[in-house]
Amino acid sequence: LPLPLVQSPSPALPDAKFINPDWVALHTSRGYESQPHKLFMRTTVFVADLLVYIPAVILYCFSLKETSAKKKVSSALCILLYPGLILIDHGHFQYPLSLGLALWAVLCLSHDWDLLGSVAFCLALNYKQMELYHSLPFFCYLLGKCFKKGLKGKGLVLLAKLAGTVLVSFAACWLPFGTDVEQIMQVLRRLFPIDRGLFEDKVANIWCSLSVLIKIKNVISPRTQLKLSFAVTFLSLLPACIKLTVQPSLRGFKFALVSCALSFFLFSFQVHEKSILLVSVPVCLIINEIPFMATWFLLVSTFSLLPLLLKDELLLPYAVTTPAFLAVCLASFSILEKTSAEDLQLKAFSLSLKGYVSWVKSFPRIVRSLFLLSVALMGALSVLSVAAPPPQRLPDLFPLAVAVVSCLHFLLFLLYFNVVMLWDSKSRGQKKIS
């Protein structure tokens, strides 16, 4: 996308050229590796963290309303120690700028700085197209606010301002390509690599998991695969988007970010393993509200990255950061004590089920048992992936097992987040958006 091209020459490229021109030489630098080069590149990721991502996390946590100072510190600590992002950014190597800019956009919207938030999200989207995972919640929330204000008065003015802001932001990002139509088409083709197929490697989404039973790639044509994934993704997104548009609230917006991003990850076309981070970061934003489920999800999301982490020889960092993160969450939020229906934001839903199911009273004990079973299963599969050689006939047994187990977790989490959002009654009690 345009913004990475702007970032490349500034500030990293001049410094790299000054230190060692071979690092950035046209054509010949492709595939170049050396210890100083790796150190330089990882330093630029750390600087990007310090400048964009970490300040957004800290400001977000300390701007939380009706939250104690201790809880704010705990939330910031747990978010910054989330192992998935640490391992991918600093081990696999990836700049956190798109996620950082999206966080700034959420922060702006939480203070009713809608235009500034729109600019920040446009920058995030133009830095990395995968921010499309978050685009519908931003659109529906802001459109819902316009409806609330009335489309014959303030709402129409806000809608016009937002449309103008988005158009200007995109125009500024795409201006360098505006003189050459072929360049624009080349960028668009790289944004949506349809020819690469429904999925690659062992990603923890529904299509990879179903391929264990049905070889979808062999049974359905690529064009039909694309249509099928689009239809399923759209249908899974619809409930959360409708609810957010009709009843826009900041709390609903954050839950919609999680639900919509998870729908994209599970059902959309050509998903990468590390795309789960686009779900994990919004989950981090609600860790103060539902610490138990948020911690559980973040553990599963890190576990789902295991095959990729093993390829990058990141076993030791994975084995250290994951238990450390769990320990911090246990100490900060006492998550095992917060498993009641009320703690999990399921009180309204459980009341609607009370007359039909008999296990509502034992719900906390069941949830705790499932969590411990889940952690034990993830730990066992992690050990087996490293210590046990797979059968010769099934060389991908353990990566596929990790993907399927993670996918089953994610499907249950998708159901949970949608239930929480759709049965949410708090937004109805909020004061009308002015």
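The values are calculated or read from the model by the stated rules, or taken from the named source; none is laboratory data. Note that the structure is predicted; figures quoted are calculated from it, not measured. As a convention, Cβ positions derive from the backbone with ideal geometry for all residues, glycine included, and neighbour counts pool all protein chains shown. For accessibility, only protein heavy atoms count, side chains too; no ligands or nucleic acids. Shrake-Rupley method; radii C 1.70, N 1.55, O 1.52, S 1.80 Å.
Some observations on this one:
- Of the numbered criteria (1) at pLDDT 85 or above; (2) assigned to a loop (DSSP other than H, G, I, E, B); (3) open to solvent by less than 50 Å² (accessible area, probe 1.4 Å); (4) of a type outside the set (A, V, I, L, M, F, W, C), the one Asp424 fails is (1).
- Of the numbered criteria (1) within 30 Å of Ile79 (Cα to Cα); (2) of a type in the set (A, V, I, L, M, F, W, C); (3) open to solvent by less than 70 Å² (accessible area, probe 1.4 Å), the one Trp23 fails is (1).
- Lone unmet requirement of (1) surrounded by fewer than 24 Cβ atoms within 10 Å (Cβ to Cβ); (2) polar (S, T, N, Q); (3) on the phi < 0 side of the Ramachandran plot for Ser263: (1)
- Residues of segment 212-241 satisfying the condition of being part of a helix (DSSP H, G or I), in contact (Cβ under 8 Å) with a residue 12 or more places away in the chain and open to solvent by 50 Å² or more (accessible area, probe 1.4 Å): Lys217, Pro222, Leu226, Phe230, Pro239
Results for (1) of a type in the set (Phe, Trp, Tyr); (2) modelled with pLDDT of 95 or more, shown as yes or no for each residue.
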site	(1), (2)
Ala124	no, no
Met130	no, no
Tyr133	yes, no
Phe139	yes, yes
Lys152	no, no
Val157	no, no
Ser169	no, no
Ala172	no, no
Leu175	no, no
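- Count of residues meeting criterion [surrounded by fewer than 23 Cβ atoms within 10 Å (Cβ to Cβ) and either small (Gly, Ala, Ser) or free of Cβ contacts under 8 Å to residues at least 40 places away in the same chain (or both)] in segment 101-114: 4
- Matching residues, segment 151-169, being loosely packed, with under 12 Cβ neighbours inside 10 Å and not in a helix (DSSP H, G or I): Lys152, Gly153
- Of all residues in segment 345-375 being at pLDDT 80 or above and basic (Lys, Arg), the one that is farthest from Ala319 (Cα to Cα): Lys347
- Failed condition for Asn288, given (1) among the polar types (S, T, N, Q); (2) assigned to a helix (DSSP H, G or I); (3) touching a Cys at 6+ places or on another chain (Cβ under 9 Å): (2)
- Any pair with Cβ under 6 angstrom, 6 or more apart, that starts in segment 365-390 at a residue that is open to solvent by less than 60 Å² (accessible area, probe 1.4 Å) and ends at one that is not in a helix (DSSP H, G or I): Val367/Thr339
Quick grid of which residues meet (1) open to solvent by 10 Å² or more (accessible area, probe 1.4 Å); (2) under 25 Å from His90 (Cβ atoms); (3) touching a Ser or Thr at 6+ places or on another chain (Cβ under 6 Å):
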site	(1), (2), (3)
Val258	no, yes, no
Leu277	no, yes, no
Phe297	no, yes, no
Val320	yes, yes, no
Pro323	yes, yes, no
Ala331	yes, yes, no
Glu337	yes, no, no
Leu344	no, no, no
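- Residues (among the β-branched types (Val, Ile, Thr) and without any contact (Cβ under 8 Å) to a residue 12 or more places away in the chain) located in segment 42-80: Thr43, Val47
- Sole residue being without any contact (Cβ under 8 Å) to a residue 40 or more places away in the chain and crowded, with 17+ Cβ neighbours inside 10 Å, chosen from Cys146, Cys173, Cys140: Cys146
- Just one of (1) of a type outside the set (Ser, Thr, Tyr); (2) surrounded by fewer than 20 Cβ atoms within 10 Å (Cβ to Cβ); (3) farther than 14 Å from Leu422 by Cβ fails for Val246. It is (3).
- Take the conditions (1) closer than 21 Å to Pro137 by Cβ; (2) part of a helix (DSSP H, G or I); Pro248 misses just one of them, which is (2).
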